[in-house]
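Undergrad: Here it is: the structure, laid out below.
The values are calculated or read from the model by the stated rules, or taken from the named source; none is laboratory data. Computed from a predicted model, the values in this text were never measured in an experiment. Note that we place each Cβ from the backbone using ideal geometry, even for glycine, and neighbour counts take in every protein chain shown. Heavy atoms of the whole protein, side chains included, go into the accessibility calculation; ligands, DNA and RNA do not. Shrake-Rupley method; radii C 1.70, N 1.55, O 1.52, S 1.80 Å.
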Amino acid sequence: MEAAGFVKRYGKVEAVRGLDLAVAQGELFGLIGPDGAGKSSLLKAVAGVLSYEGGEVRVFGLPVTTEAGAEAAKAHLGFMPQGLGRNLYGDLSIEENIDFFAKLRLVPAADLRERKERLLGMTRLDRFRARPMKQLSGGMKQKLGLVCTLIHAPRLILLDEPTTGVDPVSRRDFWTILHELLSEGGVTALISTAYMDEASRFDRVALLYQGRALAVGPAREVAAGTPGVVLRIRPEVVGPGEIRVASSVGLSADRGGLAAAEEPGAQASSVSSAATVPRAFEAPDALELLGARYASVRGLGREVRVFVPGAADEGAATAALHALLGGAGIGFSITGREAADLEDVFVCKVAPHHADAPGGTGGPGGTDTPATSDTPELSGLDWTRDGGAPITPIISGASGEPARQADEAQGLAIHARGLIRDFGSFRAVDNVSFSVKPGEIFGLLGANGAGKTTVIKMLTGILSPTGGAGSVAGADMLRGGRAIKERIGYMSQAFSLYTDLTVAENLRLYAGVYGLNRRLAAERVVWAIKLAGLAGRENALTASLPMGLSQRLALCCALLHRPRILFLDEPTSGVDPLGRRLFWDILRRLSRRAGVAVLITTHYMSEAEYCDHLALMYAGRVVADATPEAMKAALLADAGPMLEVDVDDPHRAVAALRAAGFAEAALHGGSVHAQAGPGEARERGAAVAAALVAAGVNVRAVAQTPLSMEDVFVHRVLALEAEEAGAKGARA
Amino acid sequence: MNLIRVAALAQKEWREILRDRLFFSLSFVVPALLMLLFGYGLSLDVENIPFAIHDLDRTPQSRDYAYRFIHSRYFDFKGYVTGEAQAQQLLGQGSVRAVIVIDRNFGRELSADRPAHVQTLLDGTFPYRTQVTKGYITAINTAVTRELLADYMVRVKGLSPSRAQDAVDPVRLEVRYLYNQGLKSSWGVASKLIMALLLMCPPFLTALGVVREKESGAIYNIYASNATRAEFLVGKLNPYFCIAFINAMVLWAMACFLFGAPFKGSATAFLFATVLYVLCSTGIGLLISILVGSQVAAMIVTAVVTAMPSMLYSGLLTPVASMNWTARGVAAVFPAMYYGRIIESCFLKGLGWGNAWGDMLVLAGYGAGLFAVGYAMFHKRGKT
């Protein structure tokens, strides 16, 4: 596949602005970028189902420039459009769907029989072959889509966002199947995705943004292409005049500790004066400072991960950080050093001309605007300072229930106790208990249908629970519906703004809904516009805003009445990484400065790491409730370190590792990732290498890679599924 | 054209239709239901007009006169009113549509061979109905007048009653209704409804069926494969055509057996014309589905393009020949008029191929044109 100077316009909008790409035979090529980057346009053009305005696309050397010309390549193409199961037929069974695709592609009956069995077996769909497609889960739909796309054994497969909206377990499963299918060789795959962390799955990637390729190459090289150092630091606040920078060791033992120069005479930090804010929440001041300087900064619990672009080595990066933070009286210790990932690169490249930025042009070359310019005006979030809502819940005295008083004594923002919700005979939420403190960001994770949204609906008073109790913002969940609604903000992806109203009209509407008086409403609308970074766009139609901005506006609408608790149901789906970062900046500030408790669900496992506390839901139950660090530590103890093995023949290596008992071994580009089993990293690495050598695979290097929340999620869910299957087996 | 692909497409489409219970039942229930509603509701006959009499005279002559109306099958006598106020009230409530006021000296004047006076008050809210009512009243009044005249001639001129009768009716009019001897409007309406409903319902189904696939994205399976445009259109539209044809037969049966419309003409001619007509209406649905992108838009456009013309410009309510030039132009653009003429000749006139072939040719050309345009506008490699 080749594209040269590819241009696609929709009306006046230029979706793709001159793209040059070449994908070699047999390559697994990724198109990575946020919504609106031009991924779908390119894929459709290659599939010959979309005309384009400029340049040329060639498939197998044949030009795809006319409708007739496109036909020539179609026999050898498999195209799966965007949208989970959207191209399948809901009323047809799995087998009927496959048969239809096969007949459409004129697959001979014998081939069809053979391929169908093999593909159904591989995707483990064979047990459900008579089930109508509409009754399948998201992950199964996606696998069926893949089978249907592959049934005529195409030489080039084009998959448009096959993993969007799929839970991490199904996603990982999907990649395993795809790699297995492609391991037979000869098939070229062009796949788009909005998840940056999937980059390592491809042989090569193109990082797309606003119709242009920011970078093309193997994921690791693309990430390495932007010089800089990624550090994880733990900021510490110390008294005036005694700034210390603790030195510490990185992940590998051979990396020595780094001492940084002391900087005396610095001022004390301007930490929130509210006494109720726990000490642990003081990190964000460092985060704010870093965020103002560097584009790619992520707050991970108490730690901060920062990409220092241009830094030659760890020393230079540390010095730069020290100069920045020391000036504000913040000390820090370095807790780790990581390789820059694609998200760092993306954010750094995009920040100067980001579309969400008030002055952003998004045009060629961008402007010299520093990253700070598109940061929303956050200072308005210090509610405690300007006399906004207090942090501790107001004791309403409406109910004399002892448990509730206990919650207030502990200062809990949300306390769920044994929540149950049945839909008919189906128990969607089963005995869920957890608590959220003021100022805490609490993440609720789980696959589709795990019960997350139902829990949120019960807590916000939209849905009444079948059983259990709880208190929200100091009011009893069952009786205090009205009080709760006054004290909380709710935002979901589905809860959308009125797209035919302007920014200011939307805000005024919500100010009215929340019953603010005229003076307060006018004041808050101005405040919200600043907070959303929408100054100058008050009269823009909401429909014209990019995804990131409209989501930020929706958040601000939910903040107009200064709630004490914020419920967010997948607020960042489809938003690009920089937009997500700015969104999280607001959340963090809200929680740290105003003491707002945030309950959030997300599909992005990378975002889960930003939370202070996580609860993992599975089949309506909370199966894990801990901090992200604790969850990772538990995984490390339970399943051992994650090793990245560099080998000659990755496909054979995966097979060999699985045969040797490393069930979760998976292909990542040219290397293999394997959960090595409990034990010390070096020792387990040796075991993995030995298994590979025994299978005749040449091992070049073994290195430890950090565990991600996705690893945690997948491992937990798979263990639960195995347990459930075991229990079923025992019963039978 | 590869028949395996066509068969696969048709089979898939049939399965989807048959398994989508709502879609399936709607596709058969809606036309039959509309047939019932319109067939019974769209009667243009004016009969049983409720009326009252205000008899100020109360003489044998006035009662005689009143009984002419009371016994008529066109009128439904509601009773005598006692005063003008009551008459006004009944008319206002709508419980009577007409009041006949017989003047105080009705009997005396007649006995004295002087003109007597009768007044009628009519509810004019529906001009058509009012006109018909006025016609009935005038006719009855004329009959009474003529009898009185004949009576007078017998009395004064000494003519025999039959001579007197001839003298007041010098020109006799013999009326004979052809094709619909009972002038039952339900006969005409029921058969014409087949035409109107076949223009309304099949395009809805077809447009929804195709647009549904566009909306979901499943159409990309076709775009991205080597299935040709013709294969797709034939395979995809096959079920919709069949459903429309089955519906045509159901509607025909309803018209004949439920509404008792006589089918006197050539069955083969009717069948052939129906096939052509159903092709046309399916083609309209296809064309709409190519132009719009969402099911909602498809519904609205179909309603505007087919429902109005099929009701107003098809000859269902007003004969096309008596429309003004613009309306006739509009009528000529839609296939309903041509099929309507065929239905007329097949049902009531009992004619066959000989008269219908011209209209059939038009329908065939129309259908071919629709599919040619649809084929040309359907692209596997679109702009968006």
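Undergrad: So residue B:11 passes all but one of these: (1) touching a residue at least 40 places away in the same chain (Cβ under 8 Å); (2) crowded, with 18+ Cβ neighbours inside 10 Å; (3) within 14 Å of another protein chain (Cβ to nearest Cβ). Which condition number does it fail?
TA: Status for residue B:11: all satisfied but (1).
Undergrad: Next question. Using the structure shown, decide if residue B:27 is of a type in the set (Gly, Ala, Ser), within 25 Å of residue B:91 (Cβ to Cβ) and more than 11 Å from every other protein chain (Cβ to nearest Cβ).
TA: So residue B:27 does not fit the description; no.
Undergrad: Restricting to the range A:203-224, name every residue that is part of a loop (DSSP other than H, G, I, E, B) and crowded, with 23+ Cβ neighbours inside 10 Å.
TA: The answer is A:210, A:211.
Undergrad: Can you name the number of the only condition in (1) of a type outside the set (Asp, Glu); (2) in contact with a strand residue (DSSP E or B) (Cβ under 6 Å, 6 or more places away or on another chain); (3) away from chain B (no Cβ under 14 Å); (4) buried (at least 19 other Cβ atoms within 10 Å of the Cβ) that residue A:58 fails?
TA: Evaluating residue A:58 over (1) of a type outside the set (Asp, Glu); (2) in contact with a strand residue (DSSP E or B) (Cβ under 6 Å, 6 or more places away or on another chain); (3) away from chain B (no Cβ under 14 Å); (4) buried (at least 19 other Cβ atoms within 10 Å of the Cβ) leaves (4) as the failure.
Undergrad: Further question: Are there any pairs, at least 6 apart or on different chains, whose C-beta atoms fall under 9 Å, with the first in the range A:4-17 and among the basic types (Lys, Arg) and the second loosely packed, with under 12 Cβ neighbours inside 10 Å, and if so, which?
TA: If the second residue must be loosely packed, with under 12 Cβ neighbours inside 10 Å, the pairs left are A:17/A:364.
Undergrad: Something else: Pick out the one residue from A:211, A:217, A:145, A:186 that is within 14 Å of chain B (Cβ to nearest Cβ) and more than 18 Å from the chain's Cα centre (by Cα).
TA: Exactly one residue qualifies, and that residue is A:145.
Undergrad: Of everything in the range A:68-87 that's facing chain B (nearest Cβ under 7 Å), hydrophobic (A, V, I, L, M, F, W, C) and buried (at least 18 other Cβ atoms within 10 Å of the Cβ), which residue is nearest to residue B:11 (Cα to Cα)?
TA: Result: A:79.
Undergrad: To continue, here is another question. When you look at residue A:573, is it free of Cβ contacts under 8 Å to residues at least 12 places away in the same chain and not basic (Lys, Arg), yes or no?
TA: no
Undergrad: Could you say whether any residue in the range A:609-616 is aromatic (Phe, Trp, Tyr), surrounded by fewer than 24 Cβ atoms within 10 Å (Cβ to Cβ) and modelled with pLDDT of 85 or more?
TA: Checking the range A:609-616: at least one residue is aromatic (Phe, Trp, Tyr), surrounded by fewer than 24 Cβ atoms within 10 Å (Cβ to Cβ) and modelled with pLDDT of 85 or more.
Undergrad: With the range B:322-384 as the region, which helices (runs of 4 or more DSSP H) entirely inside it contain at least 2 residues that are open to solvent by 70 Å² or more (accessible area, probe 1.4 Å) and more than 14 Å from chain A (Cβ to nearest Cβ)?
TA: Per the criteria, B:325-333, B:353-377.
Undergrad: Name the residues in the range B:299-334 that are at pLDDT 85 or above and under 16 Å from the mean Cα position of the chain (by Cα), would you?
TA: B:306, B:331
Undergrad: Let me ask you something else. For a quick check of your reading: which helices (runs of 4 or more DSSP H) sit entirely within the range A:572-689 and have at least 1 residues that are over 25 Å from residue A:193 (Cα atoms) and hydroxyl-bearing (Ser, Thr, Tyr)?
TA: A:577-593
Undergrad: On to the next question. Report, by residue number, each residue of the range A:404-436 that is within 21 Å of residue A:488 (Cβ to Cβ), at pLDDT 85 or above, open to solvent by 30 Å² or more (accessible area, probe 1.4 Å) and more than 24 Å from the chain's Cα centre (by Cα).
TA: A:415, A:417, A:421, A:433 - these are the residues of the range A:404-436 that are within 21 Å of residue A:488 (Cβ to Cβ), at pLDDT 85 or above, open to solvent by 30 Å² or more (accessible area, probe 1.4 Å) and more than 24 Å from the chain's Cα centre (by Cα).
Undergrad: Do any helices (runs of 4 or more DSSP H) lying entirely in the range B:8-96 carry at least 3 residues that are touching a helix residue (DSSP H, G or I) at 6+ places or on another chain (Cβ under 7 Å), and which ones are they?
TA: B:21-41, B:60-70
Undergrad: Among the residues of the range A:583-591, are any surrounded by fewer than 24 Cβ atoms within 10 Å (Cβ to Cβ) and farther than 28 Å from residue A:454 by Cβ?
TA: yes
Undergrad: Moving on to the next point. Can you list residue pairs whose Cβ atoms sit under 7 Å apart, with the first residue in the range A:92-121 being within 9 Å of chain B (Cβ to nearest Cβ) and over 22 Å from residue B:232 (Cα atoms) and the second being among the hydroxyl-bearing types (Ser, Thr, Tyr) and assigned to a helix (DSSP H, G or I)? Count only pairs 6 or more apart in sequence or on different chains.
TA: As it stands, the answer is none, since no pair meets every condition given.
Undergrad: Take residue B:52 and tell me if it is in contact with a Gly (Cβ under 7 Å, 6 or more places away or on another chain) and within 14 Å of chain A (Cβ to nearest Cβ).
TA: Taking the combined requirement at face value, the residue does not satisfy it.
Undergrad: Further question: Yes or no: the range B:365-377 includes at least one residue that is among the β-branched types (Val, Ile, Thr) and in contact with a Pro (Cβ under 7 Å, 6 or more places away or on another chain).
TA: Looking for residues that are among the β-branched types (Val, Ile, Thr) and in contact with a Pro (Cβ under 7 Å, 6 or more places away or on another chain), one finds none in the range B:365-377, hence no.
Undergrad: With the checklist (1) at negative phi; (2) open to solvent by 60 Å² or more (accessible area, probe 1.4 Å) in hand, flag the one item residue A:454 doesn't pass.
TA: Condition (2) is where residue A:454 drops out.
Undergrad: Another one. Can you find a residue in the range B:247-270 that is in a loop (DSSP other than H, G, I, E, B), crowded, with 23+ Cβ neighbours inside 10 Å and within 14 Å of chain A (Cβ to nearest Cβ)?
TA: No, the range B:247-270 has no match at all.
Undergrad: A follow-up question, please. Any idea which of A:457, A:452, A:437 is without any contact (Cβ under 8 Å) to a residue 12 or more places away in the chain and closer than 30 Å to residue A:623 by Cβ?
TA: None of the other options fit; the residue is A:457.
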